[in-house]
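Structure first, commentary second.
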Amino acid sequence: MGNIVVLIYLLILGLIDIRKKAVPLYMLLGLIVIALFIHILRFLEYGQEWNITDVIISAVFLLMLLLVSAVKRMLGMADVMVAVVLITINGPIIAIQTFVAALTMAGCVSMIMLVVKRVNTKTNIAFLPFVFLSYMGVVVCG
């Protein structure tokens with residue numbers, strides 16, 4: 001059930017990202033609240049706890065995303081916040097798989113758009129639609 005809620009929310013965020021090239025902060029905060037609620041419910045229902053390996057992997061992954069976001073400006077802070085949400089709900093492995101798939105898809109689409117001269121190398125593209133599609137693929141394919 002939690003994955004369906006996140007998929008719908010990611011779809012909405014992706015559509016906003018395509019239209020406005022930015023995501024409102026209140027939408028991200030709403031997603032974080034939903035993620036914490038889902039995490040608390042799963043903890044109460046199943047007793048899922050984090051182990052030290054998950055915490056270390058999550059910290060390294062988020063640090064890498066923050067560095068890419070701050071130094072190279074290749075990712076926005078909304079993308080990093082979505083990574084935090086995915087880690088909170090499904091753990092770091094699913095989040096990493098989702099972002100690797102999203103980066104791969106975004107890279108392929110960008111190369112195709114460059115070849116057909118639809119964009120140039122300075123054009124910003126919306127990344128959250130790729131996160132939505134890759135999250136859907138990772139959740140469905142398991």
Between E45 and C108, 0.36 nm times their residue separation minus their Cα-Cα distance comes to what? 18.6 nm
Might you tell me the accessible area per residue for region 48-131, computed with a 1.4 Å probe and given in Å²? 60 Å²
Scoring the chain by relative contact order with C-alpha pairs under 8 Å, at least six apart, yields a percentage of 36 percent
Short to long, in 10 Å steps from zero, the percent of alpha-carbon pairs of the chain per bin is 11, 41, 35, 11, 2, 0
First compute the accessible area of region 72-115 with a 1.4 Å probe, then give the percent of it belonging to carbon and sulfur atoms. 77 percent
Just in region 1-38: which trypsin sites (Lys or Arg not before Pro) are loop by DSSP and have at most 15 other Cβ atoms within 10 Å? K21
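The values are calculated or read from the model by the stated rules, or taken from the named source; none is laboratory data. Keep in mind that what you see is a predicted model, and the values were worked out from it rather than measured. Using ideal geometry, Cβ is built from the backbone for each residue, glycine included, and neighbour counts are taken over all protein chains shown. The accessibility values were calculated without ligands, DNA or RNA, using every heavy atom of the protein model including side chains. Shrake-Rupley method; radii C 1.70, N 1.55, O 1.52, S 1.80 Å.
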